[in-house]
Every structure is written in C-alpha cells, then in structure tokens.
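The values are calculated or read from the model by the stated rules, or taken from the named source; none is laboratory data. If you're wondering where the values come from, they're calculated on a predicted model, not measured in any experiment. Cβ coordinates were reconstructed from backbone atoms using ideal geometry, including for glycine residues, and neighbour counts include every protein chain displayed. Accessible surface is based on the protein model in full, side chains and every heavy atom, while ligands, DNA and RNA are left aside. Shrake-Rupley method; radii C 1.70, N 1.55, O 1.52, S 1.80 Å.
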Amino acid sequence: MTVRLYNTMSRTIEEFRPIREGEVGMYCCGPTVYNYAHIGNLRTYIFEDLLHRTLVKAGYRVKHVMNITDVGHLTGDGDDGEDKLARSAREKGRSVWDIAAFYTDAFFHDEEALNIIRPDIVCRATDHIQSMIDIIRKLEEGGHTYISGGNVYFSIDTIDDYGKLARLNLDDLKEGARIEVDSNKRNPKDFVLWFTNSKFKDQVMVWPSPWGVGYPGWHIECSAMSSEYLGDHFDIHCGGIDAIPVHHTNEIAQSEAAFGRKPWVNYWCHGEFLLNDKGKMSKSSGEFLTLSVLVEHGYDPLDYRYFCLSGHYRSQLKFSFESLDQARSARQTLVRKVAQFRRQGEGAASLDGKARDYLDSFFEAMCGDLKAPQALGVLWSMLRDPDVADDMKLTCLMEMDSILGLGLDRVQAAVDEPCDADAEALELLARRTEARKAKDWAAADEIRDRLAQMGYKVVDTPSGARLEKL
C-alpha cells in the first residue's frame, strides 16, 4: 500500500518514500513531565499512534523514538519564563526527580489506557546530556554559536534558511510583543543551547560542561536524542502544531548546521489543537481535562480515543461531553457487535466480494493522510450492509481495528450477568444513569455511595451500568 502524508515543510500531501526501503525512522516529541498530560496533549499521541499503526499495516518496519523531557525547560517557548519542573516541585513539596518520575509513570498509564503502542525507544533527556554537549561543540566548531551573559547561544545569522518550516518572515517579526527580549542575544530569534548563568537560585538539575556547570536549552534535547537513535538523517518527525514556529524551527536550524544535512528530516507531521469552550486547551491556563477526570465521570479511555478518530488529525477538534457521549455510544455499539459476532462463531478465513472492497476502501482512507473519519464511515457502511456475512464483518472489524486501536480484539462473546438486586437498588441505578446523562456528576456520585452502603458496587460497562454484590 502506498502511504501519503501531509508534509508541513512543503505544505502538500506527498507520497511517502523511506530513506531505507521497508524501514521507517520516526521521532515524536514526548511530554515535559511536570504535570499530568491533558486530553489535548493526548490527542497528539493518538494521531502519532495512528501513523505508527498505518505504516506497520502498509508493510514497514517502524523504529519509533520518543523523548521524555525530564529536565525542566522554561515556561515560555523561547528562553523566557520559569523552569517548569522546579516550579512543580516547589508547589508540591517534592524533589524535581520525584516529580519527573511520577508524571512519567502517569503519562504511560494514560497511553496504555488509550491503547497507544509504546514507542520502540523512550529516551529521557537527563540520560543524554553528553550527547547534547557533543552537538553544541560541533556547532561551536562550525562557528554557529557565541557566549553572552554566561550562556551559549545559537546564532541564526550563520544559516541562510532559518524559519523555513514555519515560513517565518524575519523582517516582519516583532520580537518583544509577547515576551521580554533577552538583552544577551545578538538577534532576538537566537536561542540558548546551554545555560551556565541560571536566573534561578539553587538550580538542582545541573551538569558540568566545557562552558561551565549548567543545563541544556530545550531545543537541543530533541536534536541529540533523535540523531542518537535514528542517525543524522531520518524519515518522519511528529509533534503538535504549536511546536512549528519555535521548537521545531530551532531543531532544524541547529541540526542541519551541526550535521551538514539538508534536509535533516524528510517529512514533518503535525497534529492540530483540541479546543474547549475557551479555545486551545493548555496547561498554562490552569483549566484542562485529564484522562482520569473522564474516567471519574464514567467514560472508558477508549471512548476518548474514538472521539479523536471522529476528526482529522490536521483539523481542530472541539471537545464537549455531548460529543464524547456520542463517541461512547458508537464505541459501545461496536463492542456489542463484536460480542454478537463472536457468539455466532469465528471470523472468515479470507475476505472476498464486498467485504474485501470495504477493507480496501478503509485502508485507502488511512493510507491517504490518515483520514480516520472517512475510514470510520467505511466501517459503519460495512456493518450495515446486509450483503456482507457476519463472519466477514468480524474479520473486517479486526483488520480495521489493527489501525483504529479501539481494543475490539479484546472483546469476548460472554455477556455480563446481572446480579440479583432488589427493586430499590435497581431504581437508584436508573436514577444514577439519568444523572450522568444530565452531567450531574455530584448526584451520580452520591447515588453510587448510597448503593455502596446498601452493599452494591456499580460497574460501568460498554452496554451500560450494572450492579455487583460487595
């Protein structure tokens, strides 16, 4: 199958041609582990998982690398703001190392719940300080750096195509409109490679370097780790769209200057924002939803995954609980269908006729720049088609879900048996269901607690809530 991807660098959809036949090197910017990932962050990782799964289904061997930023970069995308990890450690009364470890574990718990395939290599920034220093020395030897105010800066004036990914017009940039200009910089768009003169007292995360004891700038981390595991020229670099104008722009500048490779990366793929009522969801606003909050409200993490599949990864997606309810209903229908088909027997050994046509159309949509909404449309058309036998429908669903990742392969034929609950308990359960539909979470929780006092545990399943004896 031919895979086509939208390349942010060219602003066009291109046929994917790997550097090495049959192999793909893919690097994805991972989390900065100072807080929980919000569901907008997780949308990006779901998109990257879809890409990973699609490439595997197309016959490629994928080497997927993702970094963990466990040395705190600053709260601004440039070189401004406060160390995120240090701030979180201070607020929570824990060490920066404890904060990083805790939120790393929390992140992978979310990824597992969302059925995201763990990258082949997960690399922590704190384990790769020497690699960062080595690249900075290359840049220094090539005349791309200067030292000012105790810090090592990259000079964008030493290259002729800075900003090409974001298509920045440097003459039109009004630096300082959003942040205070660093007076140590020769050019306002220069960026720090290594801090030796921290503006924070008692900085904990510091390392020795040729320029003094300090810590790396944010952008150098990804250049060092991607090149260590994928080489100085690789296929795909992914991330959120917000990384384009600063982080990925600076990665390209320093990497191509250090390695002498143009292009450094062949395909740049970016996921769009998740929006809430107030716009882009972000941690800086202090108002964001985590996956655990959705679970507390009775949703399965895979309901959120289905919700993300309902929008194309390059389109902004508006979150609402009403939309999440629709996604849950659709996913529960799929679960019931799979259980029904399994009770009837096994899937077909092979596909032919309309079933094969549906599956080909599904793969065509996913290989054509990950058109998940179109692919879901094909899936539902196949399920509703009376001319496709149930055993073939089951086989199609399993093939499709190898990319969609909705966990349908784990659905069994067994049906949950209700417990022998009294009429009052069943009435309370019905009232709880109505409260949840009305988004009255306080009432739903109160009813759950009352049922617990009566000796019942509420179990939320894809087919609805049921009671179990405690």
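Details
- Inter-residue pairs, beta-carbon under 6 Å, first surrounded by 14 or more Cβ atoms within 10 Å (Cβ to Cβ) and at pLDDT 95 or above and in the stretch 372-384, second in a helix (DSSP H, G or I) and among the small types (Gly, Ala, Ser), 6+ apart: GLN374/ALA365; ALA375/ALA365; VAL378/SER361
- Selected residue [surrounded by fewer than 18 Cβ atoms within 10 Å (Cβ to Cβ), under 30 Å from VAL378 (Cα atoms) and modelled with pLDDT under 85] from ALA438, ALA414: ALA414
- Set side by side, the residues ASP387, ASP352, ASP409 differ, and just one is loosely packed, with under 13 Cβ neighbours inside 10 Å and closer than 30 Å to CYS269 by Cα, which is ASP409.
- Residues of the stretch 271-284 include at least one that is in contact (Cβ under 8 Å) with a residue 12 or more places away in the chain, within 30 Å of TYR153 (Cα to Cα) and open to solvent by 40 Å² or more (accessible area, probe 1.4 Å).
- Only one of the numbered conditions (1) surrounded by fewer than 17 Cβ atoms within 10 Å (Cβ to Cβ); (2) assigned to a helix (DSSP H, G or I); (3) hydroxyl-bearing (Ser, Thr, Tyr) is violated by TYR358, and that is (1).
- Scope the stretch 331-348; condition among the aliphatic types (A, V, I, L, M) and either under 13 Å from LYS393 (Cβ atoms) or out of contact with any helix residue (DSSP H, G or I) (no Cβ under 8 Å at 6 or more places or on another chain) (or both); matching residues: LEU334, VAL338, ALA339, ALA348
- Residue in the stretch 391-406 that is of a type in the set (A, V, I, L, M, F, W, C), at pLDDT 90 or above and over 21 Å from ALA327 (Cα atoms) present: yes
- Candidate set from the stretch 298-342 (those that are assigned to a loop (DSSP other than H, G, I, E, B) and small (Gly, Ala, Ser)); member that is farthest from GLN374 (Cα to Cα): GLY298
- Only residues that are more than 13 Å from the chain's Cα centre (by Cα) and either closer than 27 Å to SER95 by Cβ or modelled with pLDDT under 95 (or both) were counted across the stretch 16-65, and they come to 3.
- The residues of the stretch 420-434 that are modelled with pLDDT under 85 and closer than 30 Å to ASN115 by Cα, listed by number, are THR433, GLU434.
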